[in-house]
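The block underneath contains the structure these notes are about, expressed in structure tokens.
The values are calculated or read from the model by the stated rules, or taken from the named source; none is laboratory data. Computed from a predicted model, the values in this text were never measured in an experiment. FYI the Cβ positions are ideal-geometry reconstructions off the backbone, even for glycines, and counts take in every protein chain you see. Surface accessibility is based on the protein's heavy atoms, side chains included, excluding ligands, DNA and RNA. Shrake-Rupley method; radii C 1.70, N 1.55, O 1.52, S 1.80 Å.
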Amino acid sequence: MENNKLKEQDFLVASISQLSISGSASPPVVARFRSDSLLFGSESDSEGAVQFDLSNCQLYKLGSARSLCMSEASDTNKEKSYSRVITIEFRNEEESTAFHRAFEQWKKEVAVQGSSLPNGIVSSSASKFDDKIEASSAKMYFHYYGQLLHQQNMLQDYVRTGSYYAAVLENRIDFTGRVVVDVGAGSGILSLFAAQAGAKHVYAVEASDMADYANKLISGNPSLSERITVIKGKVEDVELPEKADILISEPMGTLLINERMLESYIIARDRFLVPKGKMFPTIGRIHMAPFSDEYLYIEIANKALFWQQQNYYGVNLTPLHGTAFQGYFSQVHSHSISHSNVCSTMYLLMPVVDAFDPRLLVAPAISHVIDFTSAKEEDLYEFDIPLRFVSSTGTRVHGLACWFDVLFDGSTVQRWLTTAPGAPTTHWYQLRCVLAQPIYVMPGQEITGRLHMVAHKAQSYTLNLTLSAKMWGPGAEQGGILQTSSGKLDLKEPYYRMSQPQAYPMSQDQQPNQLLQTQENMIYKYNHMMKRPQICCNNLCDLCIHN
């Protein structure tokens, strides 16, 4: 195999030296900050000054009163461009400190003026975003949000857009005369809302190519555009010429936390917001409740069983069974006190994104609150949420249903944007974590468990869900567990079911458990069609087949 490692090379150079403008024999040297340049020269001879471009030079301390100023070659043709280095001697440490402070201020000002979009700057330092997000995921993410088609989809979510519009315009007092930063501005619609509400100036920060479209859209609204500046870059990297009085953003993904933009929202707060500044949205809540949905369970089970067919148009599909299951299945152990042995099989586990009927919920929801004004970025890396519900009906629980809402805590009006089942549907829909093994509950029976969510570098989360039915009847006071089901799901890879209508109409007074008898007959007929044995364990362990 050929070794592509570069070989060591030697080059003959005439000499090495350090350019220094100092010494008592030399006339006094003045350092001048002018526009986008830093000039060193005598007071009388400005033409002979040594000039540095502030956009690509750096200043380093070599001592208490000695510094080094270095410019990088910035030409496209690097062979024909040159770097420059000089050392600077100050008369004392105080003057050195003052110069360094002025240098940093001028660097920021020049960077703001020199961006491809007005007043925008991207920091040259290493990006915190890039450190925690893999490049391939970030590339796809910014490509997706750089498309007008996707922006149109969000704009036409009238619940989303109308809620933001109402929240901003109803709370003009929070925006009038204030500096606003729009975090992840997208098309710039929220920036335009803020300007309509009387904002003094809005900085619309957008990392994708949508920044160029936003600039065009904002420019096409001249009555507002004078007070909006589009900045192309990540909030982790950009610099702003002033602090913000209020942040506005739409950082919510599926289950609120998907895409990990909430972290960028928190970073923007820490970098740009004045103390006690406002945030729109202000808090977010993740709501969770167990659900029963036999039709969804059968739909997923059908997909799982496809590769177990031995006579599909005369073809045995089982040779691909193991390979196919690697992409869809994970190992789950289900336990029941009625089992003499632990049952174990390969099960399909995926989060399902769709809109469902709230009557499928079998217990009142609980909530986990994230306060955007006080949460730390690290708080969003991992969530460990204990679950406790009391079943309102006797049924089979197929998993955990989740949705979210956010609060705009305005000074005049508090407005909620909700994605709850039964409310007008948004482009977020709802999310359901379907367990491979349902658990059986009776009215009044306690359901406990845990939802553990861990962030990963593909801008999403791994979900670990456990639900248990506690002892019921005689001996229940001992607090034992009757049945437990658990699973691992990737929020990045959901099963999108949004376009499919509900498969079953229910009358207003019909409860989910009334569907059980018909739906369990469907399971029996399906297994019979597949020539599979009867469901074992007295229906306590569906799809677990006796060997």
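Brief remarks follow.
- Counting Lys and Arg as +1 and Asp and Glu as -1 over every other residue whose Cβ lies under 11 Å from the Cβ of A420, the net charge comes to 0.
- The stretch 156-258: radius of gyration over Cα atoms, expressed as a fraction of 2.2 N^0.38 Å: 1.01
- Once the C-beta distance of L149 and Y496 is scaled by a Förster radius of 25 Å, the resulting FRET efficiency is 0.95 to the nearest 0.05.
- K243 versus S411: modelled label distance in nm, points set 7 Å from Cα along the beta carbon direction: 1.7 nm
- With all pairs of separate Cα atoms included, the stretch 199-240 yields a Kirkwood hydrodynamic radius of 10.5 Å.
- Nonlocal amide H pairs with K492, under 5 Å, H built at 1.01 Å: Y461
- In the stretch 233-321, the alpha-carbon atoms span a convex hull of 172 Å³ per residue.
- Estimated FRET transfer efficiency when R0 is 22 angstrom, pair V50-A98 (beta carbons, to 0.05): 0.60
- Size descriptor for the stretch 390-431, Kirkwood hydrodynamic radius: 12.8 Å (Cα pairs only, one decimal).
- Residues D209 and K128, FRET efficiency given R0 of 25 Å [Cβ-Cβ distance, rounded to 0.05]: 0.70
- Length added when fully stretched, L68-A135, from 0.36 nm per residue minus Cα-Cα: 20.7 nm
- Share of carbon and sulfur in the accessible heavy-atom surface of the stretch 233-306 [1.4 Å probe, %]: 49 percent
- Cross-link pairs exceeding 26 Å between alpha carbons, from the set K232/K278; K61/K132; K128/K376; K108/K232; K128/K243: K61/K132.
- Packing rank of 289-301, 378-390, where each peptide gets the mean count of other beta carbons within 10 Å, highest leading: 289-301, 378-390
- In Hz, Karplus ³J(HN,Hα) per residue of the stretch 403-419 (6.51, -1.76, 1.60; θ = phi - 60°; x = Gly, Pro): 8, 8, 9, 10, 10, 9, 8, x, 6, 9, 10, 9, 10, 9, 10, 10, 10
- 20 Å tail of the calculated P(r), the stretch 209-266, as % of Cα pairs: 40 percent
- 1.4 Å probe accessible area per residue over the stretch 169-320, in Å²: 36 Å²
- Sequence-ordered 3J(HN,Hα) estimates for the stretch 140-145 from the Karplus curve with 6.51, -1.76 and 1.60 and θ = phi - 60° stand at 5, 4, 6, 5, 4, 7 Hz, glycine and proline given as x.
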